[in-house]
Amino acid sequence: MALVHIEILKKEVQWLYDNPNTIHRHPRKTVIAYLNQRILSLEQEQEEIKLAKETLRATKKATKKDDVEKSS
């Protein structure tokens, strides 16, 4: 889901670059800075979620191995 949001925000930034006359320079600069910061935070969040899922998988596999060894 975050990937969809990231793509939409990137398209918004591109639209602002492609249409410089629709918004004055200073507010456009502020909006672009905010959108870029939001994109960065969503990408970092996505990486943290990916790392957490990998850690959970590794922990689950280790727990299963321990359970099998204990039952043997």
Report the label-to-label distance for TRP15 and LYS60 in nanometres (one decimal), using points 7 Å from each Cα along the Cα→Cβ vector.
-> 3.8
Cross-link reach list, aspartates and glutamates versus LYS64, counting only Cα pairs under 17 Å and skipping chain neighbours closer than eight places = GLU54
Flagged links, alpha-carbon separation over 30 Å, of LYS10/LYS53; LYS29/LYS53; LYS11/LYS53; LYS11/LYS61 | LYS29/LYS53; LYS11/LYS61
At a 1.4 Å probe radius, which order do ILE8, ILE23 fall into by accessible area, largest first?
-> ILE8, ILE23
Inter-label distance for LEU3 and THR22, nm, one decimal - labels placed 7 Å from Cα along Cα-to-Cβ = 2.7
Hz values of 3J(HN,Hα) by residue in region 31-36 - Karplus curve (6.51, -1.76, 1.60), Gly and Pro given as x | 5, 4, 4, 5, 4, 5
Any chance you could give the angle, 0 to 90 degrees and rounded to 10, that helix 2-18 forms with the longest Cα principal axis of the chain?
-> 20
Using only the Cα atoms of the chain, construct the convex hull and provide its projected area averaged over every direction, in square nanometres to one decimal.
-> 5.4
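The values are calculated or read from the model by the stated rules, or taken from the named source; none is laboratory data. On a predicted model such as this, the values are computed, not experimentally measured, just so you know. Positions of Cβ are backbone-derived with ideal geometry, glycine not excepted, and every protein chain shown enters the neighbour counts. Calculation scope for accessible area: heavy atoms of the full protein, side chains included, ligands and nucleic acids excluded. Shrake-Rupley method; radii C 1.70, N 1.55, O 1.52, S 1.80 Å.
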